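Rule-based calculations on the coordinates, nothing more; no lab input. Computed from a prediction, not measured in an experiment: that's the story for all the values here. Reconstructed Cβ throughout: ideal geometry from the backbone, glycine too, with neighbour counts over all protein chains shown.
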Amino acid sequence: MIRSLHRMGVRSGMMYTAGIVSVGASFVSWVLSKEYEQDIARADRWGLFVGEWAPTFFAMGVALRIEEARQEILSGRPEEERRQEERMGRRLGGRRMPAGV
């Protein structure tokens, strides 16, 4: 699953960002639920429900970072450099760039 996500362009930084956003969303949903819900326990459950997403996103970020490192080792060059070359190849219509460019 992680390799498939990596091939689709999902990167570790995206998952770390999603984890941080979900922490903030958890707090916001708790505050808003507290205002609009009659039962305080239900507001707490909303905050906890959204808050449980953060560890999942962080764990996926770590797994994707491991996959990125594996790709760097296998290709012998940094992930960003490899992605940049792939983008240039697509712009050039599949032709390879000359070495050293």
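Data for the structure
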| item | result |
| --- | --- |
| Two-site label geometry, Ala59 and Phe27: point separation in nm, points 7 Å out along Cα→Cβ | 2.4 |
| Calculated log₁₀ intensity ratio I(q)/I(0) where the Debye formula runs over C-alpha points of the chain, q = 0.17 Å⁻¹ | -0.81 |
| Packing-based ranking, highest mean first, of 13-22, 65-74 given that Cβ atoms within 10 Å are counted | 13-22, 65-74 |
| The chain: relative contact order as a whole-number percent, Cα under 8 Å and 6+ apart | 30 |
| Lys, Arg +1 and Asp, Glu -1 on Cβ, resulting dipole of region 2-91 about Cα centre, debye, nearest 20 | 460 |
